[in-house]
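Structure record follows, encoded as structure tokens.
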Amino acid sequence: MTDTPSAPSNTVYVLNGPNLNLLGLREPEIYGSDTLDDIAGMLEDKAREHGLTIEMRQTNYEGMLVDWLHEAQAEGARAVLLNAAAYTHTSIALLDAIRAITTPVIEVHLSDPKTREDFRHLSYVGMAAAKTIEGHGAASYTIALDAVINGEV
């Protein structure tokens, strides 16, 4: 069982899945020209204005995302913004990890998966996430952070 801290901290974990390290280079017509560092900068600026800190991470490994979700819970994170990328559509392990923690998770997507290939229409992450923000490019992340700031999750 995962430890449950008594009160949330001011940290928001921003977890990013496979191939997001290539943002700005990979299919900019779909994902935009902002890099993950650009997005981190936008989030850090907004978070600082509201007394929050951002813990920004990226991995190409499914198990690492699971470990980081558990860590967010153990560390008392205020929330998790999760762009699981392709694992969104395949990972029952991520579904189970989100269900196993009480830290609210917001699913984030740069594009709108419902307007893309059929296999992207299923979201295991969305089955457990408190909220989903999709289709706004890099702004999807700041919209998700606004939901945390405004107490929507």
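Tell me the mean residue ellipticity at 222 nm calculated for the chain from its helices only (DSSP H runs of n ≥ 4, each -39500 (n - 2.57), averaged over every residue, nearest 500). Taking each H run of at least 4 residues, the total per residue is -10000 deg cm²/dmol. Sparsely packed loop sites in the stretch 45-153 (the chymotrypsin sites (Phe, Trp or Tyr not before Pro) outside DSSP H, G, I, E and B with at most 16 other Cβ atoms within 10 Å) comprise 61. Summarising the amide proton neighbourhood of residue 11: residues at separation of 5 or more, or on other chains, whose placed amide H is nearer than 5 Å comprise 53, 78. Dipole magnitude for the chain: about 240 debye, using +1 per Lys or Arg Cβ and -1 per Asp or Glu Cβ, origin at the Cα centre.
Which one of 117, 107, 62 has the biggest mean-square fluctuation once the chain is modelled by GNM with Cα springs under 10 Å? Among 117, 107, 62, the largest GNM mean-square fluctuation belongs to 117. When the solvent-accessible area of the chain is split by element, carbon and sulfur atoms take up 48 percent of it, the probe being 1.4 Å. Along the positive direction of the dipole of the chain (beta-carbon charges: Lys, Arg +1; Asp, Glu -1; about the Cα centre), which of 68, 79, 129 reaches farthest? Farthest towards the positive pole: 129. For the chain, the square roots of the Cα gyration tensor eigenvalues, ordered a ≥ b ≥ c, give a/c of at least 1.5 with a/b no greater than b/c, which places it in the oblate category. Of the candidates 69, 122, 52, which one comes out as most mobile in a Gaussian network treatment of the chain with C-alpha springs shorter than 10 Å? The residue that fluctuates most here is 122. Per residue, the accessible area of the chain comes to 48 Å², computed with a 1.4 Å probe over protein heavy atoms only.
The values are calculated or read from the model by the stated rules, or taken from the named source; none is laboratory data. Note that the coordinates shown come from a computational prediction; the quantities given were computed from them, not determined experimentally. Heads up, the Cβs are rebuilt from the backbone with ideal geometry, glycines too, and the neighbour counts pull from every protein chain shown. Quick note on the areas: whole protein, heavy atoms, side chains included, nothing else; ligands and nucleic acids left out. Shrake-Rupley method; radii C 1.70, N 1.55, O 1.52, S 1.80 Å.
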